[in-house]
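What follows is a set of notes on a single structure, which appears directly below.
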Amino acid sequence: MRRVGTEEWSGLAMLVVAVAVATPGLFGGAELRIGRGWWIALFVLLLAALLTAPAASGQRRVRHLAYGVAVVAAWALVLTIHQVGLLPVLLVLTAAVSVYLVPLPVGLVVVALNTGVIILVAVPTTRTPGELGLIVGFYLLIQLASLLSAMTLLREQRMRRELAAAHVELKAAGLRLEESARTEERLRISRELHDLIGHQLTVLTLELETARHLDGPAARQHVERADRVARELLSDVRTTVGHLRAEAVDLEEALRRLARDLPGLEVSIEVSPQVWVDDERAAALVRAAQEIITNTIRHAEARELRISITGDDAGIVLDARDDGRGAGDPAFGNGLRGLRERFEALGGDLAVEGSAGFRVTARMPTP
């Protein structure tokens, strides 16, 4: 079941407020300067434009056009009713949503024009300049307060997304440091193998070579020394192999650590038991998960992200999909382009699709 987010509750509240303040005009409680059918059509146009503008997030022209229609429709509704009542609240709504749809200077211009409309409708109904100033000042302050509050909320949301993305990158850096430490340990052990076992093999060879040219007790003495060196060598090899036999990379745990405690995004991780990867492929999968989670936080406006990794004899498949807004024509940014190159270097490929949410599918052969 899909959860209702803060943005959707805000949109629903906006619609409820719009219908509430327009009730007199919609149901015959106020006298209109145009036909009621036309007035209702203007109101429906306003609501449609307010819903279309945020939905057209990837199409700037459509978003701006829809917002402009909403602003003009709100003006027309206020100017074509005799008793405005609370109807100027529609102008406050258009000012408040401006921060999500247009640059701040444009929003301030809308506030100024809305105030001009309020002056036009308030002048015939006010008796004194003080009363006019009170009404106009009230709606001007409400518009500015709504615009600035929405701008603060939007900035806070952006900062939270950036903080969550930085959190993911920090976890990924920690995983890379752990892998670097394991690699350093393997290099250290390989050097010990070379230095220690190489020396013992040299001694063993010399003792056997000497014994080959001698007879009797002297030869036996060298053979016994060679046997002793061989036993020591075997013990050292077993010890070193024990150090080298480190546990395989726990891919699922690494991914879960990467996706843990992300504000506003629930990430589910599923790794098939059949999946076995070496360090290089594990690093590629962890890097892919990091990029996908970061992009989802920053761009997708999603609440859920599912990442699954399956494998068989044919290869390993990473499939990630979110419930965000998707993209009609998804493009490869630097991060996804780098991932595709990484998977291609391992003999695989990477594809994206954005018709219903955003989906990333990466494949590579088994090690």
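Please turn the phi angles of the range 16-33 into ³J(HN,Hα) values with the Karplus equation 6.51 cos²θ - 1.76 cosθ + 1.60 (θ = phi - 60°), one per residue in order, whole Hz, x for glycine and proline.
Taking θ as phi minus 60°, the curve returns 4, 5, 4, 5, 4, 6, 8, 3, x, x, 6, 10, x, x, 9, 7, 10, 8 Hz for the range 16-33.
Would you mind getting me the FRET efficiency between Ala173 and Leu141? Use the beta-carbon distance for r and R0 = 30 Å, nearest 0.05.
For R0 = 30 Å, the calculated efficiency reads 0.05.
On the principal axes of its Cα set, how long, how wide and how thick is the range 87-132? Give whole Å, largest value first.
Here the Cα extents, ordered largest to smallest, are 37, 19, 13 Å.
With all protein chains present, calculate the accessible area of His64 using a 1.4 Å probe and round the result to the nearest 10 Å².
Approximately 70 Å² for this residue.
Can you tell me, using C-alpha contacts under 8 Å and at least 6 residues apart, the relative contact order of the range 31-156 as a whole percent?
Result for the range 31-156 is 24 percent.
Once the other residues with Cβ under 14 Å from the Cβ of Gln59 are scored (Lys, Arg +1; Asp, Glu -1), what is the net sum?
On the way: positive: Arg60, Arg61, Arg63, Arg325; negative: Asp329.
Counting the neighbours of Gln59, the net charge comes to +3.
Within the range 11-108, list the chymotrypsin sites (Phe, Trp or Tyr not before Pro) lying in a DSSP loop whose Cβ has at most 12 other Cβ atoms in a 10 Å radius. Walk me through the intermediate numbers first.
On the way: sites: Phe27, Trp38, Trp39, Phe43, Tyr67, Trp75, Tyr100; in loops: Phe27.
Here the sparse-neighbourhood loop sites are Phe27.
Only Cα pairs under 8 Å and at least 6 apart count here; give the relative contact order of the range 30-101 as a rounded whole percent.
For the range 30-101, the relative contact order is 38 percent.
Percent of Cα-Cα pairs more than 21 Å apart in the range 4-138, please.
Result for the distance tail: 42 percent.
Solvent-accessible area of Ser98, probe 1.4 Å, all protein chains present, reported in Å² to the nearest ten, please.
For Ser98, solvent-accessible area is about 0 Å².
Dipole of the range 7-143, Cα-centred, from +1 at each Lys and Arg C-beta and -1 at each Asp and Glu C-beta, to the nearest 20 debye? Intermediate values should be presented prior to the final figure.
Details: 6 positive and 4 negative charges, 60 e Å.
Charge dipole, the range 7-143, about its Cα centre: 280 debye, nearest 20.
Under a 5 Å amide H to amide H cut-off, with H placed in plane at 1.01 Å, what residues pair with Gly315 once short-range neighbours are removed?
Amide H neighbours of Gly315: Thr366.
Using the basic label-point model (7 angstrom from Cα toward the beta carbon), what is the Leu26 to Glu224 distance in nanometres?
Those two pseudo-labels are separated by 10.7 nm.
Got a sec to turn the phi values of the range 289-305 into Karplus ³J(HN,Hα) couplings, 6.51 cos²θ - 1.76 cosθ + 1.60 with θ = phi - 60°, whole Hz, x for Gly and Pro?
In residue order, the calculated couplings are 4, 4, 5, 5, 5, 4, 5, 5, 5, 7, 10, 7, 6, 9, 10, 9, 9 Hz.
How much accessible surface does Leu65 have with a 1.4 Å probe, in Å² rounded to 10?
120 Å²
The values are calculated or read from the model by the stated rules, or taken from the named source; none is laboratory data. None of these values were measured; they are calculated from a predicted model. When we count neighbours, we look across all protein chains shown, and the Cβ atoms used for this are built from the backbone with ideal geometry, even at glycine. All accessible areas refer to the heavy atoms of the entire protein, side chains included, with ligands and DNA or RNA removed. Shrake-Rupley method; radii C 1.70, N 1.55, O 1.52, S 1.80 Å.
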